[in-house]
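Engineer: Sending over a structure as structure tokens; questions will come in a sec.
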Amino acid sequence: MSRTTIKDIAKECGVSLSTVSLVLNNNPRISAKTRARVQAAVKRHSYQPNIHARGLASQTSQVLSVVVPQLNHVFADVYFGEIVSGIYDRACEENYKLLLDVANPKFVDSEEYINLLKSRRADGMLFIASSIKDDYLKVFEDSPYTFLLVNHYFPGSELNYLAVDYKDSARQAAEHLVGLGHRRIGLIAGTNTYTGLEFRDSFIAHCRSLGLAEEDLLWTDGGKDWSQEGGFEASRQLMARHPGITAIMAANDRLAIGAMRYVHTHDLKVPEDISVMGVDDISLSSFTTPGLTTIRHDLYQLGQVACARMLALFRKEIPTCSEVLPVKLVGRESTGPARKS
């Protein structure tokens with residue numbers, strides 16, 4: 001018995017190949033009556049769509065490219081894992097598959113980032129947490145291909161992006177620590193992303209607006225991988241140079257966890273001697289001792305929304321995307337009133 005094809009389904013229902021493909025892709029443009037007729041034929045013949053034939057008919061590969069930076073054990077990182085999980089779950093709802101890549105030198109030098117879309121192996125690319133050095137991505141400003149930066153942006157660029165609100169994260173963090181009486185604050189942030197720089201500069205600006213002196217806002221780089229190790233080393237530098245600080249503000253939770261570890265190794269208590277605060281609210285943050293005060297970035301939701309915006313861009317339902325998502329302070333035990341001098 002010959003295998004039922006998409007042409008057979010289209011002929012039986014008296015519709016075009018593209019109509020059948022749109023029904024299979026859950027496209028809302030198809031009327032309920034036509035959708036029901038096609039779905040009945042698909043069920044009757046136990047039809048299994050061929051992804052290549054479906055792509056030819058509907059001009060879609062039903063695949064999205066997801067690219068992450070080249071970092072040690074990047075796929076084990078909870079930050080990227082949460083975002084990719086959100087993208088994946090939303091993509092599955094839309095009958096899409098994901099193609100996962102790392103932006104290593106081979107990927108960049110071979111221009112695979114553009115070749116993936118030129119060859120129609122993917123309908124669009126979601127690039128998670130790019131760095132300030134990834135200028136090659138600006139090729140997508142004037143290209144016909146669908147591209148979205150996830151939780152990053154390039155100032156002055158027309159690249160589509162979706163991110164959490166780092167400026168408001170900085171505001172809420174500054175108000176929390178200054179409200180607890182902290183007047184000498186150490187800040188740990190990476191400098192390899194524009195969002196990291198935005199958080200650093202916004203945090204300092206908000207603290208200044210609340211009456212803190214510039215010389216009492218002490219900053220050090222947490223390293224390009226934003227890791228616990230980076231937070232540990234940055235805290236060592238901060239406390240060696242500025243033993244009078246009463247709080248450490250880390251620009252992500254992993255840096256903050258590293259900072260807490262350094263404080264504990266020096267027989268100091270969190271928050272009695274030094275308050276420590278992070279950003280992201282990764283799952284581990286509620287299980288540290290003490291629990292980590294942080295700014296919640298719903299990374300899973302970020303991934304879901306990013307996938308939705310990507311598909312809306314591909315389907316030309318929206319012309320551009322430059323959107324930030326709200327954030328929320330999560331108070332736990334790692335921050336408290338500043339110690340008395």
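The values are calculated or read from the model by the stated rules, or taken from the named source; none is laboratory data. Computed from a prediction, not measured in an experiment: that's the story for all the values here. A quick note on method: Cβ atoms are made from the backbone with ideal geometry, for glycine too, and the neighbour counts reach across all protein chains shown.
Engineer: Cβ contacts < 6 Å: first residue on the phi > 0 side of the Ramachandran plot, restricted to the stretch 203-224; second residue surrounded by 18 or more Cβ atoms within 10 Å (Cβ to Cβ) and in a helix (DSSP H, G or I), any location; separation 6+ or different chain. Result?
Structural biologist: Correct list of pairs: GLY223/GLY230.
Engineer: Here's a check for you: in the stretch 259-290, which residue that is among the charged types (D, E, K, R) and out of contact with any Phe, Trp or Tyr (no Cβ under 6 Å at 6 or more places or on another chain) is surrounded by the most Cβ atoms within 10 Å (Cβ to Cβ)?
Structural biologist: ASP280
Engineer: Taking into account only those residues within the stretch 20-38 that are modelled with pLDDT of 90 or more and of a type in the set (S, T, N, Q), which is farthest from GLU317 (Cα to Cα)?
Structural biologist: THR34
Engineer: Checking PHE232 against (1) of a type outside the set (Gly, Ala, Ser); (2) touching a helix residue (DSSP H, G or I) at 6+ places or on another chain (Cβ under 6 Å); (3) part of a helix (DSSP H, G or I); (4) closer than 26 Å to VAL324 by Cα: exactly one of these is not met. Which one?
Structural biologist: Answer for PHE232: the failing condition is (4).
Engineer: Another question about this same structure. From the list THR335, THR294, THR320, which residue is touching a Pro at 6+ places or on another chain (Cβ under 7 Å) and hydroxyl-bearing (Ser, Thr, Tyr)?
Structural biologist: Within the list THR335, THR294, THR320, the selection yields THR335.
Engineer: Quick check on my filter: what residues within the stretch 156-165 are touching a residue at least 60 places away in the same chain (Cβ under 8 Å) and not acidic (Asp, Glu)?
Structural biologist: ASN160, TYR161, LEU162, ALA163, VAL164
Engineer: Go through the stretch 11-49 residue by residue and tally those that are assigned to a helix (DSSP H, G or I) and either among the charged types (D, E, K, R) or under 26 Å from ALA308 (Cβ atoms) (or both).
Structural biologist: 20
Engineer: I need every pair where a residue in the stretch 76-87 that is within 15 Å of SER130 (Cβ to Cβ) and in contact (Cβ under 8 Å) with a residue 60 or more places away in the chain has its Cβ under 9 Å from the Cβ of a residue that is crowded, with 20+ Cβ neighbours inside 10 Å and aromatic (Phe, Trp, Tyr), sequence separation at least 6 or different chains.
Structural biologist: Listed by first residue and then by second, the contacts come to TYR79/TRP226.
Engineer: A further question on this structure: Only one residue in LEU148, LEU137, LEU98, LEU116 is in contact (Cβ under 8 Å) with a residue 12 or more places away in the chain and touching a Lys or Arg at 6+ places or on another chain (Cβ under 9 Å). Which one?
Structural biologist: Result of the check over LEU148, LEU137, LEU98, LEU116: LEU148.
Engineer: Looking for whichever is over 19 Å from GLU317 (Cα atoms) and either modelled with pLDDT under 90 or in the same structural domain as CYS92 (by TED's automatic domain parsing) (or both) here; the options are ALA53, ALA41. Which one fits?
Structural biologist: The unique qualifying residue is ALA53.
Engineer: What residue, among those in the stretch 209-233 that are touching a Leu at 6+ places or on another chain (Cβ under 7 Å) and of a type outside the set (Phe, Trp, Tyr), is nearest to LEU71 (Cα to Cα)?
Structural biologist: Ranking the qualifying residues of the stretch 209-233, first place goes to ASP225.
Engineer: Just need a number here: residues in the stretch 239-252 that are touching a Leu at 6+ places or on another chain (Cβ under 6 Å) and at pLDDT 95 or above.
Structural biologist: Final tally of qualifying residues: 2.
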